[in-house]
Amino acid sequence: MLEGFDYRMARWLPFQDQAACQKARAIKREDITKHPNPDFKIQIIKDRDFTFRLINDIFGRIKQAAEEERRLVLILPQPEPLYAWVAQLCNKYRVSCKHLYTFDMDEYADQDGNIAPETWPNSFLFNMKHNFYARLDSELRPPESQIQGPTDANFQNYGKMIADLGGADVCYGGIGWCGHLAYIEPGAEAFKAASLDEWKKIGPRIVELTPITILQGSLGPEFGKSGDWSIIPPKAATIGPAEVIAARLRSSWNGFMVGNSQVSWQRFIIRLAAHGPVTHLVPASILQTLPSELYITESGAADIVPESVLDFSWW
């Protein structure tokens with residue numbers, strides 16, 4: 001902890017290794033891309049290029065698979081409006097998506113575990129179909145059955161649906177404030193396991209969201225970026241570690257800032273997940289052990305520097 005005052009972290013935080021946190025906090029921008037596993041590739045990209053690079057990455061995979069006349073299976077995170085730009089590129093360059101199968105990695109659920117219906121405007125499946133599927137020209141669209149998200153009807157077989165297609169080619173996503181991948185929440189009852197090896201085998205679950213994830217969601221644009229924790233559903237349906245691990249590649253995109261400021265809830269957790277212990281208490285740390293891409297914006301990679309004293313040197 002900070003010099004001169006020794007204390008423990010809040011007891012409800014699942015990960016309690018203070019030394020590992022201190023080490024992660026101290027990682028400098030110039031060292032963040034260094035990792036002993038050559039299959040874990042970390043890259044820093046300019047803030048202004050982040051959205052373009054992500055859109056281009058998804059579109060490029062769709063286009064290449066179409067040209068090669070092969071099936072493409074993608075696990076995709078929360079459908080932001082940027083998916084509309086992927087659809088626009090497909091339309092402009094006449095890229096067929098008939099070969100494309102998408103699976104939303106998660107979906108909100110209520111206190112009883114009932115999964116949000118796609119008729120709810122903040123559901124991930126509603127937004128995937130609204131922002132991507134509906135914007136594709138009709139002759140380029142895949143059958144609607146190939147655009148899937150967790151629902152009450154399919155969730156019992158959701159992992160099998162992905163496995164029956166041979167697993168995902170790419171599992172996209174980002175690292176959550178608590179260290180989650182999808183809504184694989186650390187310390188959650190749904191993902192309790194006796195060992196890391198057992199945890200890796202867990203498939204889709206209904207999970208109670210951690211307080212940190214509730215707060216992260218309250219800063220999202222779909223909820224007004226206003227910190228309204230009362231509007232976030234308490235649970236979620238999510239893929240499990242088994243689906244993440246079974247994918248042939250994991251592509252993690254990390255550039256969350258608070259509005260247009262330089263305030264980021266992601267700087268610390270990126271460092272801990274990428275360079276800390278591999279543990280189910282920081283689920284995203286599993287990326288370190290698998291063929292994975294980790295993209296970080298310049299702002300996200302910036303050094304963690306306390307600003308407790310004003311600089312009056314100019315006075």
**Item:** Sparsely packed GluC sites (Glu not before Pro) within segment 63-126, loop by DSSP, other Cβ within 10 Å at most 15
**Value:** Glu68, Glu69
**Message:** If each residue of separation counts as 0.36 nm, what is the full-extension length gain between Ile245 and Glu144 once their alpha-carbon separation is subtracted?
**Reply:** 33.7 nm
**Residues with amide H under 5 Å from that of Ser252, placed H, sequence gap 5 or more** = Glu293, Leu294, Tyr295
**Message:** Let me make sure I get this right: for segment 73-121, a, b and c are the square roots of the gyration tensor eigenvalues over alpha carbons, sorted descending. Under 1.5 in a/c it's rounded, otherwise prolate if a/b > b/c, else oblate. Which is it?
**Reply:** prolate
**Complete:** Checked segment 254-314 against the a/c 1.5 cut and the a/b vs b/c comparison, axes a ≥ b ≥ c from its Cα gyration tensor; verdict prolate
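Let's test the formula: R0 of 51 Å, r as the Cβ-Cβ distance of Glu307 and Glu198. What FRET efficiency results, to the nearest 0.05?
The value I calculate is 0.75.
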**Complete:** The extension gain from Gln22 to Leu89, computed as 0.36 nm times the residue separation minus the Cα-Cα distance, is 19.8 nm
**Prompt:** Taking the chain as a Gaussian network, Cα atoms linked when under 10 Å apart, which of Asp49, Asp110, Asp169 shows the biggest mean-square fluctuation?
**Reply:** Asp49
**Request:** Considering Cα pairs under 8 angstrom that are at least six residues apart, work out the relative contact order of the chain and quote it in whole percent.
**Result:** 24
**Prompt:** Assigning unit charges at the beta carbon (Lys, Arg +1; Asp, Glu -1) and nothing else, what dipole magnitude in debye, to the nearest 20, does the chain show about its Cα centre?
**Reply:** 580
**Message:** Loop only by DSSP, 14 or fewer other Cβ within 10 Å of the Cβ. Give me the trypsin sites (Lys or Arg not before Pro) in segment 44-106 that pass, ordered by residue number.
**Reply:** Lys46, Arg70, Arg71, Arg94, Lys98
**Request:** Find the centroid of the Cα atoms in segment 213-227 and in segment 112-183, then give the distance between the two in whole Å.
**Result:** 20
**Asn260 paired with Asp31, simple spin-label distance in nm, labels 7 Å along Cα-to-beta-carbon** = 3.5
**Complete:** A student applying the Cα gyration tensor rule (rounded when a/c is under 1.5; otherwise prolate if a/b is larger than b/c, oblate if not) would label segment 170-231 prolate
**Request:** Among His180, His130, His280, determine the one that fluctuates most according to a GNM of the chain built with springs between C-alpha atoms less than 10 Å apart.
**Result:** His130
**Asked** Just going by the charge dipole of segment 18-301, with Lys and Arg at +1 and Asp and Glu at -1 on Cβ, which of Ile206, Gln111, Leu54 is farthest out on the positive end?
**Response** Leu54
**Request:** Name the residue, out of Ala182, Ala134, Ala246, whose mean-square fluctuation peaks in a Gaussian network model built on the chain with Cα pairs under 10 Å.
**Result:** Ala134
**Complete:** Applied in sequence order to segment 157-169, the curve 6.51 cos²θ - 1.76 cosθ + 1.60 (Karplus, θ = phi - 60°) yields integer Hz couplings, x standing for Gly and Pro, of 10, 4, x, 5, 4, 6, 4, 5, 8, x, x, 7, 5
**Fill in**
In the list [x] 23.8, 86; [y] 19.7, 67; [z] 19.8, 64, the entry giving Rg and Dmax of the Cα atoms in Å computed from the coordinates is [y]
**Message:** What lysines does Lys63 reach when the alpha-carbon gap must be under 30 Å and sequence neighbours fewer than 8 apart in one chain are set aside?
**Reply:** Lys41, Lys46, Lys92, Lys98, Lys129, Lys160
**Asked** Quick one: if you stick a label point 7 Å off each Cα along the C-beta vector at Glu67 and Gln43, how many nm between them?
**Response** 1.7
**Prompt:** Looking only at segment 180-200, which residues have a backbone nitrogen under 15 Å from a spot 7 Å from the Cα of Phe223 in the C-beta direction?
**Reply:** 183
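Rule-based calculations on the coordinates, nothing more; no lab input. These numbers were taken from a predicted model, which means no experiment stands behind them. Cβ coordinates were reconstructed from backbone atoms using ideal geometry, including for glycine residues, and neighbour counts include every protein chain displayed.
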